[in-house]
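Notes follow the structure.
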Amino acid sequence: MSEFPQPKQLLSDKVGFFTESVIREMTRQALLHGAVNLSQGFPDFPAPAEVKRAAQDAIDADINQYAITWGAKKLRQAIARQTLAWQGIEVDPERQITVCCGSTEAMVATLLAVCNTGDEVVIFEPYYENYGPDSILSGAKPVFVKLRPPTEADGEWTFDPAELRASFHSRTKAIIVNTPNNPTGKVFTHGELELIRDLCVEFDVLAITDEIYEHILYDGAKHISLVTLDGMHDRTVTINGLSKTYSVTGWRVGWTIAPPGITDAIRKVHDFLTVGAPAPLQEAGAAALGLPASYYEGLAAGYAARRDRLMPVLSEVGFRCFRPRGAYYVMTDISAFGFANDLEFVRYMVHEIGVAAVPGSSFYRDPKLGAQQVRFAFCKKDATLDQAAKRLAKIRWR
Ligand SMILES: Cc1ncc(COP(=O)(O)O)c(C=O)c1O
């Protein structure tokens, strides 16, 4: 026994308000049990050769020291060029862009830069699980608005405009809009974005958009950036990154585009959080953003083929699939299988079927809402999806 007293309470209250990431935990479970990993959203196929070469060249050219804290000039210029080409929006790379360690850091740096204790952040649920903890870490309270699963009649995830309106009031600081959406695959329409815009203007609220799946769209769906709507120019932070578009989730390069005053605040937070994103990978990011239009067409077509490979398999064995319009996940309803809940179901899948997926409850504040849902990621090689298909055929109903 030590003569010194044991520490009593060394943890912050904040960390008690959220759990570890379930998505990342599912990847660890998949590795542990040799399951096909359809849980975490990372591709198991190579990044584009030109982009990898650009990273190797940058290291060879000794771009191995800190980049400018808010991002290498070349990358910021490439982001500005593409924002003009894709969204028709002019942004000043010197005053409006901050390169971060992934859009993950971009989101938390933004929330830390704009939120005061007691502020509220509106989040559509089901939601990408980082948004809840990000809000809490920034001192804000997340307020959730439901996205309702598609019905036979509408085929789309929808929200109730009255519920959205009721979530806005004087403490509301920001709304997070993720389109194309993880986990639902929803692509917000112009009409829906107008509703959000009207509320942001009326209640003087900032919109923070997570657009990392902007190039992964199906069935003619069109991505609309909220910042392009009248009235949103000065009250939107647009977040994006290399991870999904160029299949480099491990590189950790993302960015914010924001009005200059907000950018200054984000840059301050970002500098003290991480100093900067990996310098040679920022150079490669500039090369990636220069890929021709055919690259993006191929990316979307490739994902459409993967979606169409996995969905019939899931439907065949008894999942009810909600057809995604964008991003690379399919949310499913598992009620036909007769399991008590999603956690029991994914445990059974990892241990006895050999396929890892994400329990739906991890996308909701109230776990009951996702208790009969499971999300599959299809950003995988055909061989991986085929192996999963063989295993999924063994699922037994209870
Ligand atoms: C909606 C959403 N935002 C952000 C991320 C993380 O992006 P990054 O790798 O740029 O941090 C993910 C990863 O799955 C995601 O689905």
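What follows draws every value from the coordinates through simple rules; no lab data is involved. Remember, it's a predicted structure, so these values are computed and weren't measured experimentally. Here the Cβ is made from the backbone with ideal geometry for all residues, glycine too, and neighbour counts use every protein chain on show.
Listing for the model above:
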{"read-out": "Of the DSSP H helices in the chain, those whose Cα atoms cover at least 18 Å axially and whose Kyte score averages -0.5 or more", "value": "102-114, 190-203, 260-274, 293-317"}
{"read-out": "Antiparallel DSSP beta bridges within the range 120-234, as percent of all bridges there, nearest 5", "value": "5"}
{"read-out": "Net charge contributed by nearby residues that have their C-beta within less than 14 Å of LYS52 (K/R +1, D/E -1)", "value": "-3"}
{"read-out": "Quarter of Cα convex hull surface for the range 248-324, i.e. mean projection, nm²", "value": "8.2"}
{"read-out": "Inter-part distance where the range 190-268 and the range 311-379 are each reduced to a Cα centre, Å", "value": "28"}
{"read-out": "Residue-averaged [θ]222 nm for the chain, counting only DSSP H segments that reach four residues, each worth -39500 (n - 2.57)", "value": "-11500 deg cm²/dmol"}
{"read-out": "q = 0.16, 0.17, 0.22, 0.31 Å⁻¹: log10 I(q)/I(0) that the Debye formula gives for the range 153-204, counting C-alpha atoms only", "value": "-0.51, -0.57, -0.91, -1.36"}
{"read-out": "Charge context of GLU94, other residues only, Cβ under 10 angstrom, K/R +1, D/E -1", "value": "+2"}
{"read-out": "Dmax and Rg, reported as Rg then Dmax, of the range 207-338 (C-alpha, Å)", "value": "18.1, 53"}
{"read-out": "Values of log10 I(q)/I(0), in the order q = 0.17, 0.23, 0.27 Å⁻¹, for the range 306-358 under a Debye, Cα-only, solvent-free model", "value": "-0.55, -0.97, -1.22"}
{"read-out": "Gap separating the Cα centres of the range 45-119 and the range 141-184, nearest whole Å", "value": "28"}
{"read-out": "Cα shape, the chain, gyration tensor, a/c 1.5 rule", "value": "rounded"}
{"read-out": "The chain - share of DSSP beta bridges that are antiparallel (%, nearest 5)", "value": "50"}
{"read-out": "Whole-number Å³ per residue for the convex hull built on Cα positions in the range 282-329", "value": "83"}
{"read-out": "Charge sum, other residues only, whose C-beta stays under 12 Å from THR179's C-beta, Lys/Arg counted +1 and Asp/Glu -1", "value": "-1"}
{"read-out": "Exposure proxy order (Cβ contacts within 10 Å, fewest to most) of TYR127, TYR296", "value": "TYR296, TYR127"}
{"read-out": "Förster radius 35 Å - calculated FRET efficiency between GLN9 and VAL275, Cβ distance, rounded to 0.05", "value": "0.70"}
{"read-out": "Relative intensity, log₁₀ I(q)/I(0), of the range 58-126 from a Debye sum that treats every alpha carbon as a point, q = 0.18, 0.21 Å⁻¹", "value": "-0.89, -1.03"}
{"read-out": "Sites matching GluC sites (Glu not before Pro) across the range 130-203 that sit in DSSP coil, with at most 13 neighbouring C-beta atoms within 10 Å", "value": "GLU152"}
{"read-out": "Residue exposure sequence - THR332, THR151 - by fewest surrounding Cβ within 10 Å", "value": "THR151, THR332"}
{"read-out": "Pairs of alpha carbons in the range 343-398 whose separation is greater than 14 Å (percent)", "value": "57"}
{"read-out": "Residues HIS33, HIS169, HIS223 arranged by fewest to most Cβ contacts within 10 Å", "value": "HIS169, HIS33, HIS223"}
{"read-out": "Ratio Rg/Rh, restricted to the range 164-267 and using Cα atoms, in which Rh is the Kirkwood radius", "value": "0.98"}
